[in-house]
Amino acid sequence: MMTQDLPGQPDLAYRGHELFLEDVRLRDLAKQHGTPLFVYSKAAMLSALGAYQRGFAGRKVQICYAMKANPALGVIQVFAQAGCGFDIVSGGEMDRVLAAGGQAGKIIFSGVGKTRAEMKRALNLGIACFNVESEAELEVLSEVAVSMGLRAPVSIRVNPNVDPKTHPYISTGLKDSKFGVAHERVVPTYQRATGLPGIRVVGIDCHIGSQITQEGPYLDAVERMLDLVEAIEAAGIAIAHIDFGGGLGINYQGDTPPAAEQLWQKLLALLDARGFGQRQLMIEPGRSLVGNAGVCLTEVLYLKPGVQKNFCIVDAAMNDLPRPAMYQAYHQIVPLQANDQAESNWEVVGPICESGDWIGHDRTLAVQAGDLLAVLSAGAYCMSMASNYNSRGRAPEVLVHGDQSHLIRRRESIADQMQGESLL
């Protein structure tokens, strides 16, 4: 019997010839709900969260799930019930948090382009903090808050110019990034903030990127952040909390990111050494909480041998799994039923009319038409970036817990897609 290692997904395993997520046979879910289909493990999410909680034991820390990684209401609900706050980047994400039972007082609002309407709604709800990303945004937020007779709680996102050693599209802490306030402008920006009538400074924020697999960038960012806190407080401005962002990577292809528990123990040791150990902390993990909790199930439609490449055409596509096309990202692909058939090399591609519609290059698989495959590590930045390209409906999502499964999003129909449109 052929089996494969399934790195990073401890709740995913073969039992005999069948692939299970927790105690649910994935082939049964594919038969029940069709494919493509996303399936998430609640146990895997809570296990990943537990590593952070252990790393922060005894400290004043608010873990805020960065919900852009996966905004499904059922996923948000898991983290809300576990006591998490939420890092949001739009008004729509704010409404999703509330719909899933999250608390407005545990929301931090990030993003470079907040609108006045989003600011007003967030102020009315009483969110915990705005992570402000420019001096221009400070001015507008102050105007909005004054018009409402309020003062907005603000943490300024700083750009420490630290290279996170990751894909350039998801590097956010370098000096040429659109995110945050440049290192040399931080103290003047805080001084400006304290002079604005609608602003109340409460913290400082930093986020250097995503899918970070080395501890060095984090350690560098912490040192630079603490230097800035000292400089800001030397200017007479109190910093109540320090937000170190998120970005910890997961294992996609033999990646070896530091364990959250061990990483944060090292970072806390740095804080202790510099006298900040009892400061209120914020952290914004996203991918590391959900990425390896999910799989995407897909059916092999056709095998198309070619002169130079063999194509395995599946029913999942770049609209379902955008990361390979967008980031040249790797996702392991395995069969739902292990077998001893002869293996060949395949380009695993979807049915969309784009040459960039690929799921995996040069994969060794024993497959035939009608087989079911699992695309691994698909819990983050897959459904959250899914689209209706080629008028394809977005896939359903299922959350499993033990031997139970719950449909948390039904398959999108063409009627769903067209309901907001009208003919001339």
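The numbers here are math on the coordinates, done by the rules we state, and not lab data. Nothing here was measured: the structure is a model prediction, and the numbers come from that model. Cβ placement follows ideal geometry from the backbone for every residue including glycine, while neighbour counts extend to all protein chains displayed.
Give the distance, in whole Å, between the Cα centre of the range 406-422 and the Cα centre of the range 275-295.
One Cα centre to the other: 32 Å.
At Ala43 and Lys60, where each label point lies 7 Å from the Cα along Cα→Cβ, what is the point-to-point distance in nanometres?
Reported label-point gap for Ala43 and Lys60 is 3.7 nm.
Which residues in the range 90-133 place their backbone N less than 13 Å from a point set 7 Å from the Cα of Leu73 along the Cα-to-Cβ direction?
Label zone hits: 95-102.
Taking a quarter of the surface of the convex hull around the Cα atoms of the chain, what do you get in nm²?
Working: hull surface 90.1 nm².
Mean projected area of the Cα convex hull: 22.5 nm².
Can you give me the long-range amide H partners of Val61? Hydrogens built in the peptide plane at 1.01 Å from N, cutoff under 5 Å, separation of 5 or more residues or another chain.
Here the answer is Leu281, since their amide H atoms fall under 5 Å of that of Val61.
Can you flag which of Lys60/Lys114; Lys68/Lys106; Lys106/Lys266 are past 19 Å Cα-Cα? Walk me through the intermediate numbers first.
Details: Lys60/Lys114 28 Å; Lys68/Lys106 16 Å; Lys106/Lys266 26 Å.
In this structure, Lys60/Lys114; Lys106/Lys266 lie more than 19 Å apart at Cα.
Could you work out how much longer the chain between Tyr389 and Glu18 gets when fully extended? Use 0.36 nm per residue separation minus the Cα distance between them, nm to one decimal.
Numbers: separation 371, 0.36 × 371 = 133.56 nm, distance 3.25 nm.
In short, 130.3 nm is gained.
Taking 7 Å along the Cα-to-C-beta vector as the label spot, tell me the Glu223-Ala366 distance in nanometres, rounded to one decimal.
Spacing of the two 7 Å Cα→Cβ label points: 5.2 nm.
How large is Rg over Rh for the range 110-285, taking Rg from the Cα atoms and Rh as the Kirkwood inverse mean of 1/r across Cα pairs? List each step's numbers first, then the result.
Working: Rg = 16.3 Å, Rh = 16.7 Å.
Ratio of gyration radius to Kirkwood radius for the range 110-285: 0.98.
First select every other residue whose beta carbon is under 14 angstrom from the beta carbon of Ile250; then total the charges, Lys and Arg +1, Asp and Glu -1. Numbers along the way, then the final one.
On the way: positive: Arg287, Arg323; negative: Asp11, Asp255.
After counting each charged neighbour, the total is 0.
For Ala342, project a label point 7 Å along Cα to C-beta. Then give me every residue of the range 359-385 with its amide nitrogen under 20 Å of that point.
Once the point is set 7 Å along Cα→Cβ of Ala342, 362-371 turn out to lie under 20 Å by backbone N, inside the range 359-385.
Two decimals is fine: what is log10 I(q)/I(0) at q = 0.11, 0.15 Å⁻¹ for the range 292-415, from a Debye sum with one equal scatterer on every Cα and no solvent?
-0.37, -0.69
What does the charge add up to near Asn124, with Lys and Arg as +1, Asp and Glu as -1, over the other residues with Cβ less than 15 Å from its Cβ? Please report the intermediate quantities before stating the final value.
On the way: positive: Lys114, Arg116, Lys120, Arg121, Arg151; negative: Asp95, Glu118.
In short, +3.
Mind listing the phi-derived Karplus ³J(HN,Hα) values for the range 124-139, rounded to whole Hz, using 6.51, -1.76 and 1.60 with θ = phi - 60°, and x for any glycine or proline?
4, 6, x, 5, 5, 6, 9, 8, 7, 10, 7, 5, 4, 5, 4, 4
Give the residue from Gln77, His17, Ile239 lying farthest towards the positive end of the charge dipole for the chain; charges sit on Cβ (+1 for Lys and Arg, -1 for Asp and Glu) and the dipole is referred to the Cα centre.
Farthest towards the positive end: Ile239.
Which FRET efficiency value, to the nearest 0.05, do you get for Asn124 and Tyr302 by plugging their Cβ-Cβ distance into 1/(1 + (r/R0)^6) with R0 = 41 Å?
The pair Asn124/Tyr302 has a calculated efficiency of 0.15.
Indicate, rounded to the nearest 5 percent, the antiparallel portion of the DSSP beta bridges found entirely in the range 110-285.
Working: 1 of 19 bridges.
Beta bridges within the range 110-285, antiparallel portion: roughly 5 percent.
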